[in-house]
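Down below is the structure, laid out as structure tokens.
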Amino acid sequence: MKKVLALLLAVLMIFALAACGEKPAEPAPPADAPTDAADNGAAAPADSDPLAELVEAAKAEGELVVYGSCEEEYLAAACENFQKLYGIKVTYQRLSTGEVQAKIEEEKGNPSADVWFGGTTDPYNVCAMEGLLEPYQAVNASHLLGQQYKDKDGYWYGIYKGILGIMVNKDELERLNLEAPKDWEDLLKSEYKGLVWMSNYNTAGTAKLVINTMIQKYGHDEGIKYLTDLDKNIEVYTKSGSGPSKNVGTGECIIGIGFLHDGIAQIVDNGYENIQLIIPSSGTSFEVGATAIFKGCAHPNAAKLWIEYALSPDCVELGAKNGSYQFLVIDNAEQPSQAKEFGLDPENVMDYDFEDAKQNIKTYIEEVMKALGGGDERFKTE
């Protein structure tokens, strides 16, 4: 009997221990109950905004100052739309890329603006090398069409792409009984003496791209020789890269070197159907129009938000609505139909060495200016 009682007692103890080890079942939360993604690793809600905190921080700063090297109409539209979207006061000024570079270099880390918008990347690269730009890893950079459209360290991001080429006034060439040039070498012909306009190497990013293009195309010494030979035919060096295009339709400039989208603007918006656009037959280069943050800027969060905005359709699609017909370099924006209508192929360009341009453009400018005698009145910046 004692053995039976002992056995029963042992069995009861086993059941009691098992019951103590069990956890009561927890009721399932209701289907609409909120979850804490940070605590349990669950995915954030589908409609959450990764830029929400940045937007609030930018709004708290309340201001943004922009230096723009794109065309004035596009700059104004982009800045006004940013102000409308975020309620942040925007002040802006249009300057050539060379002027922005000189201004920021003079200010030495205490910039009078927060961001730079538009203009080719060669001056941006110089400023990055000098420690005057602030790197930023942009969320919207995921929409860029390729790695070539951003600086590898995040110092600048591309917003558009423009093809370097030749623009001519067809009426004036016919009056002079001259054929239009077909390639870069044609521009050296004596018959074009005094007919060619280009931008100033000291002030325009477009002209810096011309230097890099010729050096990469012909080699260092031959590239500089080409530019000194070309100089014999150049009548005017304009401060801004778009300067030649603005004077081709009127006939003041008969042959202009610059970005072909600037020529499109003159044809489409100003009705100058006497302008012919020429992609040089032996190949040409392209610009990447960029945006960047100035190191030490007064409104860093608003500046970061500007970069995100500049990499969105809200910003870049304003270009074609305001006379800027460059190809866009983000995958969620609509390309301007005008560029396609004129047969400009954004892929029909040479393999441009951005790293060589970044490392050497300051030296190349000095060498070219020395070869041209640098003190020429045409190169003065004031």
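Could you tell me the calculated FRET efficiency between T228 and D356, based on Cβ-Cβ distance and R0 = 25 angstrom, to the nearest 0.05? Show your work: numbers first, answer last.
On the way: r = 20 Å, r/R0 = 0.82.
Plugging the Cβ-Cβ distance into 1/(1 + (r/R0)^6) gives 0.75.
Name the residue farthest towards the positive end of the dipole of the range 257-351 from the options L311, Y272, L260, assuming +1 on Cβ of Lys and Arg, -1 on Cβ of Asp and Glu, about the Cα centre.
Working it through, the farthest residue towards the positive pole turns out to be L311.
Percent of Cα-Cα pairs per 20 Å bin, from 0 to the last occupied bin, for the chain, please list those.
26, 47, 13, 6, 5, 2, 0
What ³J(HN,Hα) values, in whole Hz, does the Karplus curve 6.51 cos²θ - 1.76 cosθ + 1.60 give for the range 319-329 when θ = phi - 60°, with x put for Gly and Pro?
So the Karplus estimates, Gly and Pro as x, are x, 5, 7, 9, x, 10, 10, 6, 6, 8, 10 Hz.
Compute, for D314, the solvent-accessible surface of its heavy atoms (probe 1.4 Å) with the complete set of protein chains present, and express it in square angstrom to the nearest 10.
80
Treating only the Cβ atoms of Lys and Arg (+1) and Asp and Glu (-1) as charged, compute the dipole magnitude of the chain about its Cα centre; round to the nearest 20 debye. Show your work: numbers first, answer last.
Numbers: 32 positive and 60 negative charges, 182 e Å.
So the magnitude is around 880 debye.
Packing-wise, with mean Cβ within 10 Å as the measure, how do 169-175, 67-73 rank, highest first?
Values: 169-175: 16.3, 67-73: 21.4.
Sorting 169-175, 67-73 by mean packing, highest first, produces 67-73, 169-175.
Kirkwood Rh over alpha-carbon pairs of the range 183-342, then Stokes-Einstein at 25 °C and 0.890 mPa s: what D in µm² s⁻¹, rounded to an integer? Walk me through the intermediate numbers first.
On the way: Rh = 17.4 Å.
So the translational diffusion coefficient is about 141 µm²/s.
Over the range 85-150, give the accessible area per residue in Å² for a 1.4 Å probe, as an integer. Write down the numbers at each step before the final one.
Working: 2800 Å² over 66 residues.
Averaged over the residues of the range 85-150, the accessible area is 42 Å².
Using only Cα atoms, tell me the angle between helix 52-61 and the longest principal axis of the chain; keep it within 0 to 90° and round to the nearest 10.
Roughly 60 degrees, rounded to the nearest 10.
Report the percentage of all Cα-Cα pairs in the range 299-347 whose separation exceeds 18 Å, rounded to a whole percent.
Values: 436 of 1176 pairs.
The answer is 37 percent, as a whole percent.
For the range 89-174, what size does the Cα cloud have along each of its three principal axes, sorted from largest down, in whole Å?
52, 33, 30
Ignoring ligands and nucleic acids, what accessible area does T121 show with a 1.4 Å probe (Å², nearest 10)?
0
Given H placed 1.01 Å from N in the peptide plane, which residues other than close sequence neighbours of G68 have an amide H under 5 Å from its amide H?
Q93, R94, L95, F117
Rank N177, G343, L188 by how far each Cα sits towards the positive end of the charge dipole of the chain (+1 on Lys, Arg Cβ; -1 on Asp, Glu Cβ) and give me just the farthest.
The residue sitting farthest along the positive end of the dipole is G343.
Under the √(5λ) rule applied to the eigenvalues of the Cα gyration tensor, what semi-axes describe the equivalent ellipsoid of the range 124-245? Give them in Å, descending. Each step should come with its number before you reach the end.
Details: eigenvalues 230, 54, 35 Å².
The three semi-axes for the range 124-245 are 34, 16, 13 Å.
Averaging over every viewing direction, what projected area does the convex hull of the Cα atoms of the range 44-203 cover, in nm²?
Working: hull surface 54.1 nm².
Average of the hull's projected areas for the range 44-203 equals 13.5 nm².
Using the basic label-point model (7 angstrom from Cα toward the beta carbon), what is the K84 to E107 distance in nanometres?
According to this spin-label approximation, the distance is 2.7 nm.
Hey, if we sort H299, H220 by accessible area with the 1.4 Å probe, largest down, what's the order? Working shown, then result.
Values: H299 30, H220 70 Å².
So the residues, ranked largest to smallest area, are H220, H299.
Using just the alpha carbons, could you tell me how many Å³ per residue the convex hull of the range 281-382 encloses? Could you put the intermediate results ahead of the total?
Details: hull volume 21.1 nm³, N = 102.
Roughly 207 Å³ of hull volume per residue.
Could you compute how much accessible surface M369 exposes when probed at 1.4 Å, giving the result in Å² to the nearest 10?
That residue has around 20 Å² of solvent-accessible surface.
Rolling a 1.4 angstrom probe over the protein heavy atoms, how many square angstrom per residue are accessible across the range 261-382? Show your work: numbers first, answer last.
Values: 5330 Å² over 122 residues.
Counting only protein heavy atoms, the per-residue value for the range 261-382 is 44 Å².
Stretch E179-Q276 to full length: gain in nm at 0.36 nm per residue minus the Cα-Cα span? The partial results should precede the final answer.
Working: separation 97, 0.36 × 97 = 34.92 nm, distance 1.17 nm.
My answer for the length gained is 33.8 nm.
Please provide three numbers in whole Å: the alpha-carbon extents of the range 170-231 along the principal axes, with the largest listed first.
36, 23, 16
Could you check the simple spin-label distance between S142 and E252, using points 7 Å along Cα→Cβ, in nm with one decimal?
If labels sit at S142 and E252, their model points lie 4.8 nm apart.
Out of the total accessible area of the chain (probe 1.4 Å, heavy atoms of protein only), what percent is carbon and sulfur? If you can, show how the numbers build up before the last one.
Numbers: 9400 of 18450 Å².
Looking at the chain in its full context, I get 51 percent from C and S.
Over all distinct alpha-carbon pairs, what is the Kirkwood Rh of the range 126-195 in angstrom?
Details: mean 1/r = 0.0620 Å⁻¹.
16.1 Å is the Kirkwood radius here.
The values are calculated or read from the model by the stated rules, or taken from the named source; none is laboratory data. Because the structure is a prediction, the values reported are computed rather than measured. All Cβ positions, glycine included, derive from the backbone under ideal geometry; neighbour counts span all protein chains shown. Remember, those area values only see protein heavy atoms, side chains included, never the ligands or the DNA or RNA. Shrake-Rupley method; radii C 1.70, N 1.55, O 1.52, S 1.80 Å.
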